[in-house]
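Q: Quick one: structure below, then a few questions.
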Amino acid sequence: MLHCTVKFCGGCNPRHDRGECYSTVRSALSDAASFSLPEEGAHYDVLLIIRGCTGCPYLYEEIEADHRIVITSRDDMQSAIDEIRAAASHSAG
């Protein structure tokens, strides 16, 4: 099971429900990944960044993670789920 963390950015786009997006991703991956808020000094398999737009400058370099996956809209959710699931499969065997 992958150890993942999530960061929410800005909230400049009220049409993109970032909380709902996170719930959907977390539920879809409940068998492959565990999610928590970032802790200082921790290392993660995946950093999931959920943004409301593509123009946000924050990349969260201070968070150590093997993979960084960005969701900027509902259209990105399935590809993020697939990418995290593939990373989980790769790490399992």
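The values are calculated or read from the model by the stated rules, or taken from the named source; none is laboratory data. Computed from a predicted structure; not experimentally measured. Reconstructed Cβ throughout: ideal geometry from the backbone, glycine too, with neighbour counts over all protein chains shown.
The rows are residues; the columns are (1) of a type in the set (S, T, N, Q); (2) within 11 Å of the chain's Cα centre (by Cα).
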position	(1), (2)
GLU40	no, no
HIS43	no, no
GLU83	no, yes
SER89	yes, no
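Q: Can you tell me which of (1) surrounded by 10 or more Cβ atoms within 10 Å (Cβ to Cβ); (2) outside any helix (DSSP H, G or I) is the one GLU40 doesn't meet?
A: All conditions are met except number (1).
Q: Among the numbered criteria (1) at positive phi; (2) touching a strand residue (DSSP E or B) at 6+ places or on another chain (Cβ under 6 Å); (3) not polar (S, T, N, Q), which one does CYS4 miss?
A: (1)
Q: Among the residues of segment 21-37, what is the count of those that are assigned to a loop (DSSP other than H, G, I, E, B), among the hydrophobic types (A, V, I, L, M, F, W, C) and either farther than 17 Å from CYS9 by Cβ or touching a Leu at 6+ places or on another chain (Cβ under 9 Å) (or both)?
A: 2
Q: Can we say ILE49 is on the phi < 0 side of the Ramachandran plot, touching a Lys or Arg at 6+ places or on another chain (Cβ under 9 Å) and not in a helix (DSSP H, G or I)?
A: Yes: the conditions hold for ILE49.
Q: Across segment 8-37, what is the number of residues that are crowded, with 16+ Cβ neighbours inside 10 Å and charged (D, E, K, R)?
A: 2
Q: On to the next question. Out of ILE71, ILE49, ILE81, I need the residue that is buried (at least 18 other Cβ atoms within 10 Å of the Cβ) and over 20 Å from MET1 (Cα atoms). Which one?
A: ILE71
Q: Here's a follow-up. Quick one: would you say ASP66 is modelled with pLDDT of 95 or more and part of a loop (DSSP other than H, G, I, E, B)? If you could, list the steps in order and put the result at the bottom.
A: Numbers: modelled with pLDDT of 95 or more: yes; part of a loop (DSSP other than H, G, I, E, B): no.
For ASP66, the condition - modelled with pLDDT of 95 or more and part of a loop (DSSP other than H, G, I, E, B) - is not met.
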